[in-house]
1. How would you classify segment 1-73 from its alpha-carbon gyration tensor, with a ≥ b ≥ c the square roots of the eigenvalues: rounded for a/c under 1.5, else prolate if a/b is greater than b/c, otherwise oblate?
2. Which FRET efficiency value, to the nearest 0.05, is calculated for residue 50 and residue 80 with the Förster distance at 22 angstrom and r the Cβ-Cβ distance?
3. Explain nothing, just the number: dipole magnitude of the chain about its Cα centre with +1 on each Lys and Arg Cβ and -1 on each Asp and Glu Cβ, in debye rounded to the nearest 20.
4. Give the Rg (one decimal place) followed by the Dmax (whole number) of segment 36-93, computed from C-alpha coordinates and expressed in Å.
5. Would any residue of segment 30-58 have its amide N under 16 Å from a label point 7 Å out along Cα→Cβ of residue 69? List them or say none.
6. With an 8 Å Cα cut-off and a minimum separation of 6 or more residues, compute the relative contact order for the chain in percent.
7. Could you work out how far helix 2-12 tilts from the main Cα principal axis of the chain, as a 0 to 90 degree angle to the nearest 10?
8. Lys pairs in the chain, Cα-Cα under 26 Å, at least 8 apart or on separate chains: how many?
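Coordinate-derived values only; no laboratory data. Computed from a predicted model, the values in this text were never measured in an experiment. Virtual Cβ from ideal backbone geometry, glycine too; neighbours counted across all protein chains shown.
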Amino acid sequence: MKKFFAEFREFALKGSVMDMAIGVIIGAAFQNIVTALTDNIINPIIGLIFQSDLSAVQIRLTDQVTLGIGAFISAIINFILMALVLFIFVKTINKIKAAAERKKKDEDSEEEAAPTAEELLAEILTELKKK
């Protein structure tokens, strides 16, 4: 049982799990913004065509059966906007990570190019032996 909790703690504290948790929280916040945008701005504008709010548009099949086509279209608009926002967010994060990796790689290559103290001392010793 102790090993199980140790493995779970190691898993939960990995960077990828923490990144995923942060992503879920940010995604939920963006979802609220996108829903507010759709419900309060986009639906009323599109609703001008139907002379009512888009989410309230229904197609009556019988007296008891209606299709909530407006609510469905609103959900599609929400999904598309959310996907767009997340795509832009992930693309920006990937660019930042790539730039940081390039910078680190450049710094590492500069460090590798410079001779170490031991190499310099070995060269001095070789020169002194020649004289």
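1. Verdict is oblate for segment 1-73.
2. 0.65
3. 240 debye
4. Rg and Dmax of segment 36-93, Cα atoms, are 14.4, 52 Å.
5. Counting backbone N atoms under 16 Å from the label point, the list is 46-58.
6. Relative contact order here is 14 percent.
7. Computed tilt is about 80 degrees.
8. Close lysine pairs found across the chain: 15.
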